Structures are given as C-alpha cells and as structure tokens.
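What follows is a short report on a single structure.
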Amino acid sequence: MDNRYSFVGGKEGLWQVIDVRGIAGSSLELVKRVNVVNDAVAELPLDSSWVLQSFTSNIRYAMRDEVTALRAVQPVLNRSEAISAVLIPIKKTVQWWEMAQDERRAIFEEESHHTTVGLEYLPGVARRLLHCRDLGEPFDFLTWFEFAPEHTKDFDELLLRMRASKEWEYVEREVEVRLIRDGIL
C-alpha cells in the first residue's frame, strides 16, 4: 500500500525550510530541508533531526455532499506552480478524543465550518490530511498544503480563520513548517 508518508526533517529533501514555528506547545527542531517519503521510514536517517510518520485514510468527519464538493475542486499535489508548502502537525487534547465522533463532527463542521471554509480556498491551496495518532506518533494529524506563491495571502487567511474556530480550542500542540521547493530560493 502506498498510503504511508514520512516527513524527514534534516539536511536532505526536495523542500527547503523557510521557518519552523511552534504555534501551540513545543515546536520541532529547525532543520534545513524536509524530505517527503511515500513510505514508512523506520529509522532516523543520518543528518536528520526528526521523522513524522503518517498515513492517508478515509475522510472521517465529512458527509457525502461535502466529500463530493471537495473532490470536485481539490487539485492534485505536486503541481509545477505550487512551489510553496506548509506542513502543520497537530495534536488534539484528551477532551477532544473523549468525545463521541458525532460530538467531534458537530464542533468540526457545524460550529467551526471546517469543510466550508476550506472549500473557499480551493483550488488555489491544495491539501492532504494525514493521520498519525494510531501510529503512536507525537501528533494526531499532519496537514500538508501546497500552493503557488500568489496564494500565500489566501493560505494565511485560511489559517487565521481555522485557528479562530471552536475546533482550535481543542488543539494542544501545533507546529507550522514553511517550505519552498528546491532550487527556488
């Protein structure tokens, strides 16, 4: 299966790191590059500081009409013009995980309008949600965003809106890793 992804922070990789910023809780160590590997990386490679393991999965909180709307406008990753990327690892609170799925869905969509807000920024800002809670990783989710530089302002606005939502009251750790595709700087 090709649903496993590892994000390796170190000295190698296609993506040059512009900034690593702790938004909530502890940050990740600042590195020069991030290598995105479509596989599980079992051991920390030489000259690397961290590895975040993850996997893609089914869409868990969206209803059929929301999934259909997302798929209609969600662009593929690795578009030539999408030279900017942001990796955002997130860990939710114990209170979040103690709620039933319908309670989390109510906060996620009915109060925070997560999907509706995200749709406003497509197709300019492509994204992939990856799961890592089930792997025993330090984060519950990794969100990978790619966009052309002219969509940076839109992406920043999307982040502000998400972080102002009810859902973000349940985030205990969040890191923002800003990147640019190799050879651009």
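List every residue pair whose Cβ atoms lie under 6 Å apart, where the two residues are 6 or more positions apart in sequence or sit on different chains, the first residue falls within segment 160-174 and is more than 15 Å from Phe139 (Cβ to Cβ), and the second residue, located anywhere, is small (Gly, Ala, Ser) and surrounded by 17 or more Cβ atoms within 10 Å (Cβ to Cβ). From segment 160-174, the pairs are Ser165/Ser112; Lys166/Ser112; Glu167/Ser112. For segment 29-49, residues that are over 18 Å from Ile88 (Cβ atoms) and part of a loop (DSSP other than H, G, I, E, B) total 11.
If you take the residues in segment 134-162 that are more than 15 Å from the chain's Cα centre (by Cα) and closer than 27 Å to Trp97 by Cα, which one is surrounded by the most Cβ atoms within 10 Å (Cβ to Cβ)? Of everything passing the filter in segment 134-162, Arg161 is surrounded by the most Cβ atoms within 10 Å (Cβ to Cβ).
Condition check: under 26 Å from Val37 (Cα atoms) and surrounded by 14 or more Cβ atoms within 10 Å (Cβ to Cβ). Does Phe108 satisfy that? No, not satisfied. Restricting attention to segment 91-143 and to residues that are among the polar types (S, T, N, Q) and modelled with pLDDT of 95 or more, the residue that is farthest from Ala42 (Cα to Cα) turns out to be Gln95. For segment 64-83, the candidate set comprises residues that are under 21 Å from Ser6 (Cβ atoms) and not β-branched (Val, Ile, Thr); within that set, the residue that is surrounded by the fewest Cβ atoms within 10 Å (Cβ to Cβ) is Asn78.
Consider Ser57 against the criteria (1) loosely packed, with under 12 Cβ neighbours inside 10 Å; (2) on the phi > 0 side of the Ramachandran plot; (3) among the small types (Gly, Ala, Ser): it satisfies all of them except one. Which criterion is unmet? So the condition that Ser57 fails would be (2).
Hey, among the residues in segment 1-49 that are touching a strand residue (DSSP E or B) at 6+ places or on another chain (Cβ under 9 Å) and among the acidic types (Asp, Glu), which one's farthest from Leu142 (Cα to Cα)? Among those that are touching a strand residue (DSSP E or B) at 6+ places or on another chain (Cβ under 9 Å) and among the acidic types (Asp, Glu), it is Asp47.
The residue that is surrounded by the most Cβ atoms within 10 Å (Cβ to Cβ), counting only those in segment 1-28 that are among the small types (Gly, Ala, Ser) and part of a loop (DSSP other than H, G, I, E, B), is Gly13. Go through segment 1-31 and count every residue that is under 16 Å from Ser84 (Cβ atoms) and among the β-branched types (Val, Ile, Thr). So the answer is 3.
For segment 85-121, the set of residues classified as small (Gly, Ala, Ser) and over 17 Å from the mean Cα position of the chain (by Cα) consists of Ala100, Ala106, Ser112, listed by residue number.
The values are calculated or read from the model by the stated rules, or taken from the named source; none is laboratory data. Quantities reported herein were computed from a predicted structural model and do not represent experimental measurements. Please note: Cβ atoms are built from the backbone with ideal geometry, for glycine as well, and neighbour counts cover all protein chains shown.
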